[in-house]
1. Within 10 Å, count the other beta carbons around each residue, average over each peptide in 67-73, 96-102, and list them highest first.
2. Cross-link candidates for Lys350: which aspartates and glutamates have Cα within less than 20 Å, leaving aside residues fewer than 8 places away along the same chain?
3. With label points built 7 Å along Cα→Cβ from the Cα atoms of Asp178 and Leu198, find their separation and express it in nm.
4. Please go through the stretch 235-303 and write out the chymotrypsin sites (Phe, Trp or Tyr not before Pro) that DSSP classes as loop and that have at most 15 other C-beta atoms within 10 Å.
5. Report, in degrees rounded to the nearest 10, the 0 to 90 angle that the Cα long axis of helix 94-103 makes with the longest principal axis of the chain.
6. Determine the gain in length on full extension of the stretch His287-Lys318; use 0.36 nm per residue of separation and subtract their C-alpha separation, reporting nm with one decimal.
7. Expressed as an acute angle from 0 to 90° and rounded to the nearest 10, what is the orientation of the C-alpha long axis of helix 315-329 relative to the principal long axis of the chain?
8. Using θ = phi - 60° and the Karplus form 6.51 cos²θ - 1.76 cosθ + 1.60, what ³J(HN,Hα) does each residue of the stretch 115-127 get, whole Hz, x for Gly and Pro?
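Here, each number is a calculation from the coordinates, and none is a lab measurement. Remember, it's a predicted structure, so these values are computed and weren't measured experimentally. Neighbour counts run over all protein chains shown; Cβ positions are idealised from the backbone, glycine included.
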Amino acid sequence: MKAMICIQHPAWVHQFHYIIDQETKMGNAVRTLVAEKDGNSMLLERFHIPYVRCSRSTGTNVVEKGGLFIGLTFRFIWEALRFQPDIFIGRASPMMAIAAFVTGKPHLVYEDTEVSKFSLRICKRLSTKILTPRTFLTELGKKQERLDTYKELFYLHPSVFTPDRQVLRDAGFLPDEDYILVRFVAWNASHDIGKKGLDDDGKIDLVRRLSKYGKVYVSAEGDVPKALEPNLLKTPYELVHHVLAFAKLVYSEGATMASEAVVLGTHALYVNVIKSGSTQEQSERFHLLYNFNDGEDRYERATRKAEELLNDPELVQKGREKQQKLLSEKMDINRYYMAEMERLVQAGRKG
């Protein structure tokens with residue numbers, strides 16, 4: 001079997017690196033195409049995954065993204081004609097959906113981002129099958145299959161990942177002290193257009209307030225205020241999930257890192273106007289996540305909630321107990337996804 005996948009975000013590397021590795025070990029060929037964003041190619045290299053760089057950016061505005069959409073569509077089709085894959089896999093990439101349609105091959109998608117409206121509009125017409133979490137807020141028609149899982153379980157399920165304090169110590173990080181991880185996003189993704197987060201003064205004040213409860217590490221897309229540079233997380237990017245697993249609390253503008261913390265048993269606050277079915281369920285069903293999606297004062301309310309949680313001496317233990325409930329109710333998605341790949345190769349585009 002020959003599969004083709006595109007990577008347009010570091011989170012996509014994490015989500016599919018295990019599947020790429022397993023398929024390769026089984027003797028199948030996987031061609032990985034990359035549009036550069038936030039070091040995703042560097043992460044592929046650290047996982048020893050060969051790739052073809054197709055773009056040095058995913059664009060920062062509507063005009064750039066429109067041009068890249070056209071250019072990458074033709075590039076992906078050309079790469080597919082050269083590689084002759086049996087199946088296209090990955091996230092809801094409209095360029096891959098078009099390439100799959102043009103070459104007459106099945107396209108298997110897993111998507112959990114409801115606000116990726118343009119991508120989903122094309123994929124629900126041209127892709128073969130779209131897997132989503134059971135809680136996905138958007139109906140995508142007959143090609144959609146809802147599963148009781150999260151995308152983070154592709155790479156953080158206990159069957160594929162075990163948090164390790166020693167690897168952090170070896171990297172010069174101190175996992176045994178109380179610490180909080182704060183995540184700032186760059187607000188330049190296609191679904192972020194017109195949205196914004198904290199200004200520099202707000203970021204500095206947030207870190208100052210949380211510092212009363214332990215060391216605060218900052219993970220950021222792009223630059224941070226000079227005053228926060230000493231707080232920047234310096235561990236290699238591929239170790240970030242070990243950092244999340246042993247954090248006392250995670251405060252994140254990004255849904256992915258907040259959800260990663262949750263499946264690792266760490267309480268998280270998600271501060272962003274973008275809503276998702278997964279983050280809602282993680283709050284309402286498992287009580288590991290606190291959503292702050294509305295109101296101009298959402299950052300202040302989230303910070304007060306963070307202070308409340310950090311005053312609980314049993315916070316970490318409660319997180320581990322909630323994690324066990326979550327894992328007992330969610331499926332191991334990798335096995336199912338690879339089985340679907342095999343089935344669709346046999347069934348073709350009609351699925």
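1. Numbers: 67-73: 16.7, 96-102: 23.9.
Final packing ranking: 96-102, 67-73.
2. Correct list for Lys350: Asp86, Glu111, Glu139, Glu145, Glu340, Glu342.
3. About 1.9 nm separates the two model spin labels.
4. Values: sites: Tyr237, Phe246, Tyr251, Tyr270, Phe286, Tyr290, Phe292, Tyr299; in loops: Phe286.
When the chymotrypsin sites (Phe, Trp or Tyr not before Pro) of the stretch 235-303 are filtered for loop state and at most 15 Cβ neighbours within 10 Å, nothing remains.
5. That works out to roughly 20 degrees.
6. Working: separation 31, 0.36 × 31 = 11.16 nm, distance 1.00 nm.
Full extension of this stretch gives 10.2 nm more.
7. 20 degrees
8. 7, 7, 5, 4, 4, 5, 4, 6, 5, 5, 9, 10, 6
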